[in-house]
Protein chains: 2
Amino acid sequence: MRYELYYWPHIPGRGEFVRLALEDAGVDYVDVARGPEKEGLGIPALRRFLEDASVALPPYAPPFLKAGEQIIGQTANILQFLGAHHGLAPNDEAGRLWTHQLQLTVADFVDEAHDTHHPLGSHLYYEDQKPEALRRARSFIELRMPKYLGYFERVLERNPARSGWLVGDALTYADTSLFQVVEGLRYAFPRAMQQAEPKHARVVKLHDAVAARPRLAAYLASPRRIPFNEKGLYRRYPELDA
Amino acid sequence: MRYELYYWPHIPGRGEFVRLALEDAGVDYVDVARGPEKEGLGIPALRRFLEDASVALPPYAPPFLKAGEQIIGQTANILQFLGAHHGLAPNDEAGRLWTHQLQLTVADFVDEAHDTHHPLGSHLYYEDQKPEALRRARSFIELRMPKYLGYFERVLERNPARSGWLVGDALTYADTSLFQVVEGLRYAFPRAMQQAEPKHARVVKLHDAVAARPRLAAYLASPRRIPFNEKGLYRRYPELDA
């Protein structure tokens with residue numbers, strides 16, 4: 001079965017967390033909204049789906065994944081599904097829950113990084129909330145980023161398996177997600193990250209280990225990997241990185 | 001086995017979503033931080049836990065639940081655990097994922113309600129971000145609240161079981177959570193909710209059905225139910241409800 005991933009085509013965004021899991025697992029999927037409209041793909045296919053009143057279990061927003069007849073929404077929930085089916089999470093209940101707990105903490109971290117450029121909401125342009133963004137970004141860099149990075153550093157340090165992965169002795173979707181957070185923070189806050197990285201050596205090492213996974217290394221070098229840009233979650237506004 | 005719930009004692013907050021599930025399931029639990037310090041409970045017990053370097057799988061923040069030796073953090077993750085063990089979610093994988101997807105959408109809705117009074121971050125007082133809160137609250141009431149409520153109304157309408165519950169033909173933790181959202185919105189935005197409720201009759205009916213569950217009715221009338229207040233997620237600042 002070929003999965004169908006539905007997500008906005010021009011940004012890495014939340015869809016990228018799903019892509020990384022699919023790519024590391026070597027799973028066959030079509031990135032629907034990035035396909036040609038003349039083949040029934042593209043953004044119209046995504047919109048059609050969201051507006052289709054016959055969908056009994058409608059997702060609130062992209063990303064969502066079609067697996068046969070099943071539609072799975074919410075990034076962390078999709079990852080949980082992929083984790084269980086493609087070896088990206090432990091099989092036992094405690095291990096599954098711990099992996100998911102870490103993913104939900106990554107999701108909170110991602111939300112806060114997003115809010116640095118949109119503290120007043122996504123309906124306004126960044127330019128219409130710039131003074132507020134400056135204040136929010138300052139506290140993100142000074143308080144929140146170190147708190148989250150310190151937390152994941154601690155999780156890596158305490159992992160009884162001492163594997164360098166977050167959970168047990170093998171890579172999980174929480175690792176690919178934390179990799180993406182580091183990538184995003186390096187893009188959005190290069191100055192702040194330069195200062196933060198030496199204090200979080202385990203997180204940096206995990207980032208490098210994820211990037212070196214053969215399938216992911218190939219993916220990251222391919223045109224399938226969408227570069228960060230100023231429409232997405234992580235944006236480079238140098239004034240916010242002060 | 002008696003569960004231990006760890007959460008801040010003076011607010012309903014995110015802990016309340018867990019309490020509602022525990023109470024509806026009739027599960028035995030101790031609300032650790034609300035217990036007497038002389039019995040080793042209270043806030044010191046919560047803080048000790050968070051600072052204990054011997055915890056191998058540390059939670060990032062409350063709420064977390066101790067189930068024997070297992071520690072489960074992140075509200076939605078705790079609910080997933082309780083759903084599986086206490087009949088608050090379907091047994092099949094598709095039903096479990098759908099319930100969790102709805103819960104994660106509730107969590108997004110809760111985050112946005114919180115951000116109406118703290119758009120610049122939780123480290124500042126409301127009084128230090130009031131103009132920004134006014135702007136954020138306006139867009140929450142005009143755009144976000146109707147979008148989320150409309151979504152859940154649609155889910156109820158489309159549920160193939162036509163049961164009045166969000167998932168299939170029985171109550172799940174997504175229902176108790178949506179109940180709590182309605183309660184919180186009524187507290188924080190009574191004017192806006194008075195206008196919104198007639199357009200979301202199915203959501204209101206679900207709220208009433210949850211409140212009428214015998215165990216929950218007893219709980220809601222008990223001192224175990226913490227009233228909303230201006231320290232929590234949902235705060236009544238009349239100027240934000242305009």
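The values are calculated or read from the model by the stated rules, or taken from the named source; none is laboratory data. Values in this document were obtained by computation on a predicted structure and should not be read as measured data. Here Cβ is always computed from backbone atoms with ideal geometry, including for glycine, and neighbour counts include all displayed protein chains.
Within the stretch A:139-184, the residues that satisfy the criterion of being charged (D, E, K, R) and in a helix (DSSP H, G or I) are A:Glu142, A:Arg144, A:Lys147, A:Glu153, A:Arg154, A:Glu157, A:Arg158, A:Asp175, A:Glu183. For the stretch B:162-185, filtering for residues that are surrounded by fewer than 18 Cβ atoms within 10 Å (Cβ to Cβ) and either at the interface with another protein chain (Cβ under 10 Å from one of its Cβ atoms) or more than 16 Å from B:Ala89 (Cα to Cα) (or both) leaves 1.
Could you go through the stretch A:112-134 and let me know if any residue there is among the polar types (S, T, N, Q), touching an Asp or Glu at 6+ places or on another chain (Cβ under 9 Å) and under 24 Å from A:Gly83 (Cβ atoms). Give the derivation first.
First, pick out the residues of the stretch A:112-134 that are among the polar types (S, T, N, Q): A:116, A:122, A:129.
Subsequent filtering for residues that are touching an Asp or Glu at 6+ places or on another chain (Cβ under 9 Å) retains A:129.
This time we only want the ones that are under 24 Å from A:Gly83 (Cβ atoms), so: none.
So far as the stretch A:112-134 goes, no, none of its residues is among the polar types (S, T, N, Q), touching an Asp or Glu at 6+ places or on another chain (Cβ under 9 Å) and under 24 Å from A:Gly83 (Cβ atoms).
The residues in the stretch A:193-242 that are assigned to a helix (DSSP H, G or I), closer than 16 Å to A:Ser177 by Cα and not aromatic (Phe, Trp, Tyr) can be counted, and the count is 14.
Hey, among the residues in the stretch A:202-213 that are touching a residue at least 40 places away in the same chain (Cβ under 8 Å) and within 24 Å of A:Glu142 (Cβ to Cβ), which one's surrounded by the fewest Cβ atoms within 10 Å (Cβ to Cβ)? Per the criteria, the residue is A:Arg202. Against the definition (under 13 Å from the mean Cα position of the chain (by Cα), more than 8 Å from chain B (Cβ to nearest Cβ) and at pLDDT 95 or above), how does A:Leu102 come out, yes or no? Yes: the conditions hold for A:Leu102.
Restricting the stretch A:143-158 to residues that are buried (at least 18 other Cβ atoms within 10 Å of the Cβ) and over 22 Å from B:Leu124 (Cβ atoms) leaves a set whose member that is nearest to the other protein chains (Cβ to nearest Cβ) is A:Val155. Scanning the stretch A:51-78 for residues that are more than 30 Å from B:Ile78 (Cβ to Cβ) and among the aliphatic types (A, V, I, L, M) yields a count of 1.
Within the stretch B:110-121, how many residues turn out to be at the interface with chain A (Cβ under 9 Å from one of its Cβ atoms) and part of a helix (DSSP H, G or I)? I'd like the intermediate steps shown before the answer.
Taking the stretch B:110-121 as the starting set, the residues that turn out to be at the interface with chain A (Cβ under 9 Å from one of its Cβ atoms) are B:111-112, B:115, B:119-121.
Subset that is part of a helix (DSSP H, G or I): B:111-112, B:115.
Summing the residues that are at the interface with chain A (Cβ under 9 Å from one of its Cβ atoms) and part of a helix (DSSP H, G or I) in the stretch B:110-121 gives 3.
Restricting attention to the stretch A:53-77, and to residues there that are β-branched (Val, Ile, Thr) and more than 8 Å from chain B (Cβ to nearest Cβ), which single residue is farthest from A:Gln103 (Cα to Cα)? So the residue we want is A:Ile71. The sole residue among A:Leu124, A:Leu88, A:Leu41 that is surrounded by fewer than 20 Cβ atoms within 10 Å (Cβ to Cβ), more than 9 Å from every other protein chain (Cβ to nearest Cβ) and assigned to a loop (DSSP other than H, G, I, E, B) is A:Leu41.
Contact map, the stretch A:51-69: first residue among the hydrophobic types (A, V, I, L, M, F, W, C), second residue part of a loop (DSSP other than H, G, I, E, B) and surrounded by 12 or more Cβ atoms within 10 Å (Cβ to Cβ), Cβ cut-off under 9 Å, separation 6 or more or different chains; pairs are A:Ala56/B:Asn159; A:Leu57/B:Asn159; A:Leu57/B:Val167; A:Ala61/A:Arg14; A:Ala61/A:Gln74; A:Phe64/A:Tyr7; A:Phe64/A:Gln74.
From B:Ala94, B:Ala107, B:Ala33, grab the single residue that is away from every other protein chain (no Cβ under 14 Å), part of a helix (DSSP H, G or I), surrounded by 15 or more Cβ atoms within 10 Å (Cβ to Cβ) and not basic (Lys, Arg). First the steps, then the outcome.
Numbers: B:Ala94 fails: away from every other protein chain (no Cβ under 14 Å); B:Ala107 fails: away from every other protein chain (no Cβ under 14 Å).
The unique qualifying residue is B:Ala33.
Do we have any residue at all in the stretch A:172-184 that's more than 17 Å from the chain's Cα centre (by Cα) and modelled with pLDDT of 95 or more? Let's see the steps before the verdict.
Step one: filter the stretch A:172-184 for residues more than 17 Å from the chain's Cα centre (by Cα), giving none.
No, the stretch A:172-184 contains no residue that is more than 17 Å from the chain's Cα centre (by Cα) and modelled with pLDDT of 95 or more.
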